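To start, the structure under review is shown below, and the notes come after it.
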Amino acid sequence: MPEKNVDVLAPSSGRVIPLAEVPDPVFAAAMVGPGAAIAPDLGVAPVVEAFAPVSGVVAAMHPHAFVIAGPGGGERGILVHLGIDTVQLKGAGFELLVAQGDEVVAGQPLVRWSPDDVVVRGMSSFVAVIALAADPDQLTVTDTERVDPGDLLFTWLH
């Protein structure tokens, strides 16, 4: 069955920023794939949810990051990384709502976390959304300045 374009939805609210502005050299240089980032709204709620950007299977689940493989375990994977250097927190401040191997639908809450707490700890709260191993020419990123969960963030073209 031929692959189709994949619409990747915003997992959180905030201002859309180019991946090159993320304060992490791996993400900024698109070493794991192209994408976009979101500077989450701060001071709005003590805890927010991060939502599935696509429907599929949770291929990897960590407190600070997750990968959703396309429907039926498709080859296209979307990485969502909550904050920068947040792996150092060893899960503190993150609540997992699903597990690796679970099937999820776009817009389903997957993690509860606090972008404000991440900033207080001296880290960036940017949310990187990456099309793993994609060619940069395959992505069309929204030209909207701000997104809410479920808004189109980018389309991964076939």
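Could you list all residues from the stretch 102-158 that are more than 17 Å from V6 (Cα to Cα), among the β-branched types (V, I, T) and in a strand (DSSP E or B)?
Within the stretch 102-158, V111, V127, V147 meet the criteria.
Just to be sure I understand the filter: pairs with C-beta atoms under 9 Å, separated by 6 or more residues or on different chains, first member in the stretch 86-106 and over 13 Å from A52 (Cα atoms), second member of a type outside the set (G, A, S) and exposed (fewer than 14 other Cβ atoms within 10 Å of the Cβ). Which pairs pass?
G93/V47; E95/V47
Conditions first: (1) farther than 22 Å from W156 by Cα; (2) crowded, with 18+ Cβ neighbours inside 10 Å. V58 passes all but one, so which condition is the exception?
(1)
So that you can scan it fast, the table gives a plain yes or no per residue for (1) of a type in the set (D, E, K, R); (2) modelled with pLDDT of 95 or more; (3) out of contact with any helix residue (DSSP H, G or I) (no Cβ under 6 Å at 6 or more places or on another chain); (4) surrounded by fewer than 16 Cβ atoms within 10 Å (Cβ to Cβ):
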position: V6; (1), (2), (3), (4): no, no, yes, no
position: S13; (1), (2), (3), (4): no, yes, yes, no
position: M31; (1), (2), (3), (4): no, no, yes, yes
position: D41; (1), (2), (3), (4): yes, no, yes, no
position: F51; (1), (2), (3), (4): no, yes, yes, no
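Select, from V48, V57, V111, V104, the only residue that is more than 14 Å from V8 (Cβ to Cβ), β-branched (V, I, T) and out of contact with any Phe, Trp or Tyr (no Cβ under 8 Å at 6 or more places or on another chain).
Numbers: V48 fails: out of contact with any Phe, Trp or Tyr (no Cβ under 8 Å at 6 or more places or on another chain); V111 fails: out of contact with any Phe, Trp or Tyr (no Cβ under 8 Å at 6 or more places or on another chain); V104 fails: more than 14 Å from V8 (Cβ to Cβ).
Only one candidate passes the filter, namely V57.
Of all residues in the stretch 67-85, which are at pLDDT 95 or above and assigned to a helix (DSSP H, G or I)?
none
I want to confirm something. Restricting to the stretch 93-116 and keeping residues that are in contact with a helix residue (DSSP H, G or I) (Cβ under 9 Å, 6 or more places away or on another chain) and of a type outside the set (S, T, N, Q), which single residue is surrounded by the fewest Cβ atoms within 10 Å (Cβ to Cβ)? Give the derivation first.
Of all residues in the stretch 93-116, those in contact with a helix residue (DSSP H, G or I) (Cβ under 9 Å, 6 or more places away or on another chain) come to 93-94, 103, 113-114.
Keeping just the survivors that are of a type outside the set (S, T, N, Q) gives 93-94, 103, 113.
Values: G93: 21, F94: 22, E103: 14, W113: 25.
Filtering the stretch 93-116 for residues that are in contact with a helix residue (DSSP H, G or I) (Cβ under 9 Å, 6 or more places away or on another chain) and of a type outside the set (S, T, N, Q), the one surrounded by the fewest Cβ atoms within 10 Å (Cβ to Cβ) comes out as E103.
If you check A28, A50, which single one turns out to be aliphatic (A, V, I, L, M) and without any contact (Cβ under 8 Å) to a residue 24 or more places away in the chain? Quick ask: steps written out before the conclusion?
Working: A50 fails: without any contact (Cβ under 8 Å) to a residue 24 or more places away in the chain.
When all the criteria are applied, what remains is A28.
Can you tell me which residue among V141, V98, V127, V105 is under 13 Å from the mean Cα position of the chain (by Cα) and modelled with pLDDT of 95 or more? Don't jump to the end; show me each part of the working.
Working: V141 fails: under 13 Å from the mean Cα position of the chain (by Cα); V98 fails: under 13 Å from the mean Cα position of the chain (by Cα); V105 fails: under 13 Å from the mean Cα position of the chain (by Cα).
Just a single option satisfies the conditions, and that option is V127.
Considering the stretch 31-49 alone, what residues qualify as being touching a Leu at 6+ places or on another chain (Cβ under 8 Å) and in a strand (DSSP E or B)?
We begin by selecting, within the stretch 31-49, every residue touching a Leu at 6+ places or on another chain (Cβ under 8 Å); these are 32-38, 49.
G35, A36, A37, I38, E49 - these are the residues of the stretch 31-49 that are touching a Leu at 6+ places or on another chain (Cβ under 8 Å) and in a strand (DSSP E or B).
The values are calculated or read from the model by the stated rules, or taken from the named source; none is laboratory data. This one's a predicted model, so the numbers in the text were calculated from it and none came from an experiment. No Cβ is skipped: glycine too gets one built from the backbone with ideal geometry, and neighbour counts run over all protein chains shown.
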